[in-house]
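Asker: Got a structure for you, written out below as structure tokens; questions coming shortly.
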Amino acid sequence: MTTPASRPSLALTVGEPAGIGPEISIRAAWALRRQARCVLVGDAAFLSLTASLIDPAIRLSAISTLALRHSGLPHFGPDVIPVIDVPLDAHVVPGKLDANNGRAVLATLDLAIEGVRAGWFDAIVTAPLQKSTINDAGIAFSGHTEYLADKTGTPKVVMMLAGALSVDPSEKAQPYLRVALATTHLPLKDVPAAITPDSLARVLDILHADLVAKFGIARPRILVTGLNPHAGENGYLGREEIDVIEPVLDAARARGIDARGPYPADTLFQPKYLRDADAVLAMYHDQGLPVLKHATFGRGVNITLGLPLTRTSVDHGTALDLAAQGLGLADCGSMEEAIRVAISMVHAQNKS
């Protein structure tokens, strides 16, 4: 594994080949090649062709999985990007999905997980994939997060999105926002039943533990939203705050977790409240993420908490329509930020 003074080794899975994932992975890996040892995981021939069209100066070097398993990851200087070759099964047409490539896309994730376990990689950074391509290939698949949890035997994971609230490089200390979710991809009608004392307590424990272990925050302060408008308004607009959220927060504080709330979600996301907070825990997907994405889109990062490995990702999808228009239109800012966050997380863990 890396030391804080060295470049961390990051596996970059390039995602859906017909989308913008390959382009943004190559461009971000090249831009940050002196900060991290970014290793692309995908079809080497396809990625080499794509790189040559982006910028002829970009140098890639292919490594077979057989050689990797036999000898480990070879050393490359910062001016060469290694590619672990996971061949596709069908020709790629930008913007056009092909189920024949679904299994190869999934194989890149499997290799990245294997690489972390083998010590080849310090963390995984994932480009967006298309769930339908994998499902159409005959494999039940609901998303990166669920797949990584299943493959690592992790019973509970937490989705957190994060990003700087300013991208002005002149600001030395940019305000940063982290929003974790108590529930994720559920119909709104199912959210109240999913917020149980046990589930909410586990989410808080995971969030607190990873803020300490993976972000190096010694005593994280977590602000928690209510579920209902005005945080239930003393029970007049719902009792979930009184019956579930407040008791869970009381118990969490008794365990040494600085969790405060529940606060009305419509007023919580203000600088005066967020100034000293390390994370916000929102009750459902569209309660917390619209605020974060409005403030950080194009630079936001998706982070999976609770895994026995470090995984970051972009905050957007495959953008098939953009990919169909050709190279040079996609913004790789979110992928660059995902790499930067992975670097900082690796360093924080090495210091602990």
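The values are calculated or read from the model by the stated rules, or taken from the named source; none is laboratory data. Just so it is clear, the structure is predicted and the values come from calculations on it, not from any experiment. Don't worry about glycine lacking a Cβ; one is built from the backbone with ideal geometry, like all the others, and counts go over all protein chains shown. All accessible areas refer to the heavy atoms of the entire protein, side chains included, with ligands and DNA or RNA removed. Shrake-Rupley method; radii C 1.70, N 1.55, O 1.52, S 1.80 Å.
Asker: Has region 67-84 got at least one residue that is surrounded by 16 or more Cβ atoms within 10 Å (Cβ to Cβ), part of a loop (DSSP other than H, G, I, E, B) and touching a Phe, Trp or Tyr at 6+ places or on another chain (Cβ under 9 Å)?
Answerer: For region 67-84, residues surrounded by 16 or more Cβ atoms within 10 Å (Cβ to Cβ), part of a loop (DSSP other than H, G, I, E, B) and touching a Phe, Trp or Tyr at 6+ places or on another chain (Cβ under 9 Å): present.
Asker: Got a sec? Which of 47, 73, 66 is over 25 Å from residue 320 (Cα atoms) and touching a residue at least 24 places away in the same chain (Cβ under 8 Å)? So that I can check it myself, show each step before the final result.
Answerer: Values: 47 fails: over 25 Å from residue 320 (Cα atoms); 66 fails: touching a residue at least 24 places away in the same chain (Cβ under 8 Å).
Unique residue meeting the criteria: 73.
Asker: One residue is enough: does region 97-104 have a residue meeting the conditions surrounded by 20 or more Cβ atoms within 10 Å (Cβ to Cβ), within 24 Å of the chain's Cα centre (by Cα) and hydrophobic (A, V, I, L, M, F, W, C)? Give the derivation first.
Answerer: To start, the set of residues in region 97-104 that are surrounded by 20 or more Cβ atoms within 10 Å (Cβ to Cβ) comprises 101-102.
If we keep only those that are within 24 Å of the chain's Cα centre (by Cα) too, we end up with 101-102.
Still in the running and hydrophobic (A, V, I, L, M, F, W, C): none.
No, region 97-104 contains no residue that is surrounded by 20 or more Cβ atoms within 10 Å (Cβ to Cβ), within 24 Å of the chain's Cα centre (by Cα) and hydrophobic (A, V, I, L, M, F, W, C).
Asker: Considering only residues that are among the small types (Gly, Ala, Ser) and crowded, with 24+ Cβ neighbours inside 10 Å, look in region 116-128 and name the one that is nearest to residue 17 (Cα to Cα). Give the derivation first.
Answerer: First, pick out the residues of region 116-128 that are among the small types (Gly, Ala, Ser): 118-119, 123, 127.
With the extra rule that they be crowded, with 24+ Cβ neighbours inside 10 Å, the set shrinks to 123, 127.
Numbers: 123: 21, 127: 10 Å.
Top of the filtered list is 127.
Asker: Testing residue 31 on (1) under 30 Å from residue 135 (Cβ atoms); (2) out of contact with any strand residue (DSSP E or B) (no Cβ under 9 Å at 6 or more places or on another chain); (3) surrounded by 14 or more Cβ atoms within 10 Å (Cβ to Cβ), one condition comes back false. Which one is that?
Answerer: Among (1) under 30 Å from residue 135 (Cβ atoms); (2) out of contact with any strand residue (DSSP E or B) (no Cβ under 9 Å at 6 or more places or on another chain); (3) surrounded by 14 or more Cβ atoms within 10 Å (Cβ to Cβ), the lone unmet condition for residue 31 is (1).
Asker: Among the strands (runs of 3 or more DSSP E) lying completely within region 221-322, list those that include at least 2 residues that are surrounded by 23 or more Cβ atoms within 10 Å (Cβ to Cβ) and either without any contact (Cβ under 8 Å) to a residue 40 or more places away in the chain or of a type in the set (Ser, Thr, Tyr) (or both). Don't jump to the end; show me each part of the working.
Answerer: On the way: elements: 221-225, 258-263, 279-282, 301-305, 311-314.
Where strands (runs of 3 or more DSSP E) fall fully within region 221-322 and carry at least 2 residues being surrounded by 23 or more Cβ atoms within 10 Å (Cβ to Cβ) and either without any contact (Cβ under 8 Å) to a residue 40 or more places away in the chain or of a type in the set (Ser, Thr, Tyr) (or both), they are 311-314.
Asker: Exactly one of these conditions fails for residue 206: (1) touching a helix residue (DSSP H, G or I) at 6+ places or on another chain (Cβ under 9 Å); (2) assigned to a helix (DSSP H, G or I). Give me its number.
Answerer: Condition (1) is where residue 206 drops out.
Asker: Applying the selection to region 129-144, what residues are among the hydroxyl-bearing types (Ser, Thr, Tyr) and open to solvent by 40 Å² or more (accessible area, probe 1.4 Å)? First the steps, then the outcome.
Answerer: Going residue by residue through region 129-144, those that are among the hydroxyl-bearing types (Ser, Thr, Tyr) are 132-133, 142.
Across region 129-144, the qualifying residues are 132, 142.
Asker: Being among the β-branched types (Val, Ile, Thr) and over 23 Å from the mean Cα position of the chain (by Cα) is the filter; apply it to region 254-293 and report the residue that is farthest from residue 164 (Cα to Cα).
Answerer: Kept after step one, since they are among the β-branched types (Val, Ile, Thr), are these residues of region 254-293: 257, 267, 280, 291.
This time we only want the ones that are over 23 Å from the mean Cα position of the chain (by Cα), so: 257, 267.
Values: 257: 24, 267: 20 Å.
The residue in question is 257.
Asker: Could you list, in sequence order, all residues of region 3-28 that are of a type in the set (Val, Ile, Thr) and surrounded by 19 or more Cβ atoms within 10 Å (Cβ to Cβ)? Spell out how you get there, then give the answer.
Answerer: Within region 3-28, the subset of a type in the set (Val, Ile, Thr) is 3, 13-14, 20, 24, 26.
Result: 13, 14, 20, 24, 26.
Asker: Let me spell it out: the conditions are (1) open to solvent by less than 10 Å² (accessible area, probe 1.4 Å); (2) at pLDDT 95 or above; (3) not charged (D, E, K, R), and residue 87 meets all of them except one. Which number is the exception?
Answerer: The failed condition is (1).
Asker: So, one more: Of the residues in region 35-66, how many are among the aliphatic types (A, V, I, L, M), assigned to a helix (DSSP H, G or I) and under 23 Å from residue 313 (Cβ atoms)?
Answerer: Keep residues of region 35-66 that are among the aliphatic types (A, V, I, L, M), which gives 36, 39-41, 44-45, 47, 49, 51, 53-54, 57-58, 60, 62-63, 66.
Remaining after also requiring assigned to a helix (DSSP H, G or I): 44-45, 47, 49, 51, 53-54, 66.
Next, only the ones that are under 23 Å from residue 313 (Cβ atoms) stay: 44, 47, 51, 54.
Residues in region 35-66 being among the aliphatic types (A, V, I, L, M), assigned to a helix (DSSP H, G or I) and under 23 Å from residue 313 (Cβ atoms): 4 in total.
Asker: Tell me whether region 88-103 contains one or more residues that are of a type in the set (Gly, Ala, Ser), in a helix (DSSP H, G or I) and out of contact with any Ser or Thr (no Cβ under 8 Å at 6 or more places or on another chain). Give the derivation first.
Answerer: Step one: list which residues in region 88-103 are of a type in the set (Gly, Ala, Ser), which gives 90, 95, 99, 102.
Now restrict to residues that are in a helix (DSSP H, G or I): 99, 102.
After this cut, where a residue has to be out of contact with any Ser or Thr (no Cβ under 8 Å at 6 or more places or on another chain) as well, the list is none.
No, because not a single residue in region 88-103 is of a type in the set (Gly, Ala, Ser), in a helix (DSSP H, G or I) and out of contact with any Ser or Thr (no Cβ under 8 Å at 6 or more places or on another chain).
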